[in-house]
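Taking it in order: structure first as structure tokens, then the write-up.
The values are calculated or read from the model by the stated rules, or taken from the named source; none is laboratory data. Because the structure is a prediction, the values reported are computed rather than measured. Positions of Cβ are generated from backbone atoms using ideal geometry, with glycine treated the same way; all protein chains shown enter the neighbour counts.
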Amino acid sequence: MSDDVRAGRIEQLIEALRDDNEALRDHAIASLSQVGEDAVGPLIGLMADEDVLIREAATNAIVRIGPSIVDPLIEALKDDEWAIREQAASGLGKLKDPRGVDPLVKALKDKDGAVRTAAVWALERVGDARAVPGLVEALTDHTVREDVARVLKKIGDARAVDALIDGLLGSNWMVRRHAAEALGKIGDARGVSPLIESLKDEDWLVRRNAAESLARLGAKQAIDPLLPLLEDENTMVQETVEGVLASLGWTAKP
């Protein structure tokens, strides 16, 4: 196939990504991935399209090209267009290539919230502990802190303990939920005292997660603070605490 014919074919497939017919778009994505790296430039340009469906279709086509596309996506994280940076982060997450970790951590400081959100999502997909210091720093970012807490919970690295304790005692209920669960998963004794304090949290799921984490930590010193939750207003908390107390060796007096 001559260069002109190849370029014309790529142009046709790019145009097909704009079609309302989903089956045609899927065919174009598959075909562009087979074209390979020659399609990368036009596809990256399409990642700035005003239509989010077209942006996502372009990203999916790039991802299907495979690992050879990692470097162009890393470079696209520096693009002036926020939408291209967002889709580049998304693409790196879908590829799950460890080469993307450091650039994605840098993207956690992007000026655009959508890009930062995409970077957090991507780092969750990659699941590499090298991202922990950057994620810990991002816990102070009000735009992404809930997602960051969830990712830190999933990675389960002890370097996040102090930041998760701060989150557990903070004002954001979703962060508190994730932090309460994460501290039990990580298994660091530093989490015991703040988890006991969180048994009084106004959010029922924080209380339940804290109780479960105290069980994971084998924190027998939590038995007395747990007892009032046997009469918690939420029955799920009551049931959880019954099991937690049993696991810690407590038995009700006859």
Inset, instruction - Looking only at the range 46-59, count how many residues are surrounded by fewer than 17 Cβ atoms within 10 Å (Cβ to Cβ) and not in a helix (DSSP H, G or I). - result: 2
Legend entry - Conditions (1) in the same structural domain as Arg125 (by the TED database); (2) in contact (Cβ under 8 Å) with a residue 24 or more places away in the chain; number of the one not met by Glu212: (1)
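Every residue, every condition in (1) assigned to a loop (DSSP other than H, G, I, E, B); (2) among the β-branched types (Val, Ile, Thr), yes or no:
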site	(1), (2)
Arg176	no, no
Ala179	no, no
Ile196	no, yes
Val206	no, yes
Ala211	no, no
Gly218	yes, no
Ala252	yes, no
Inset, instruction - Would you be able to say whether some residue in the range 77-92 is exposed (fewer than 14 other Cβ atoms within 10 Å of the Cβ) and either farther than 20 Å from Val151 by Cβ or touching a residue at least 40 places away in the same chain (Cβ under 8 Å) (or both)? - result: yes
Inset, instruction - Could you please tell me which pairs satisfy a Cβ distance under 8 Å, a separation of 6+ or placement on different chains, a first residue in the range 232-254 that is farther than 21 Å from Gly218 by Cβ, and a second residue that is loosely packed, with under 10 Cβ neighbours inside 10 Å and acidic (Asp, Glu)? - result: Gln238/Glu231
Inset, instruction - Inspect all residues belonging to the range 18-26 and state whether any of them is outside the structural domain of Lys106 (by the TED database), modelled with pLDDT of 75 or more and in contact with a helix residue (DSSP H, G or I) (Cβ under 6 Å, 6 or more places away or on another chain). - result: no
Inset, instruction - Name every residue in the range 95-113 that is closer than 15 Å to Trp82 by Cα and in a loop (DSSP other than H, G, I, E, B), in order of residue number. - result: Leu108, Lys109, Asp110, Lys111, Asp112
Inset, instruction - Can you tell me which residue within the range 227-242, out of those that are under 11 Å from Ala211 (Cβ atoms) and of a type in the set (D, E, K, R), is surrounded by the fewest Cβ atoms within 10 Å (Cβ to Cβ)? - result: Glu239
Inset, instruction - Scan the range 94-114 for residues that are closer than 19 Å to Asp71 by Cα and surrounded by fewer than 23 Cβ atoms within 10 Å (Cβ to Cβ) and report the count. - result: 13
Inset, instruction - Please determine, by comparing only the residues of the range 115-126 that are in contact with a Lys or Arg (Cβ under 7 Å, 6 or more places away or on another chain) and over 19 Å from Ile65 (Cβ atoms), which one is surrounded by the most Cβ atoms within 10 Å (Cβ to Cβ). - result: Val115
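Let's see how each residue does on (1) aliphatic (A, V, I, L, M); (2) assigned to a helix (DSSP H, G or I):
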{"position": "Ala61", "(1), (2)": "yes, yes"}
{"position": "Pro72", "(1), (2)": "no, yes"}
{"position": "Asp79", "(1), (2)": "no, no"}
{"position": "Val115", "(1), (2)": "yes, yes"}
{"position": "Arg130", "(1), (2)": "no, yes"}
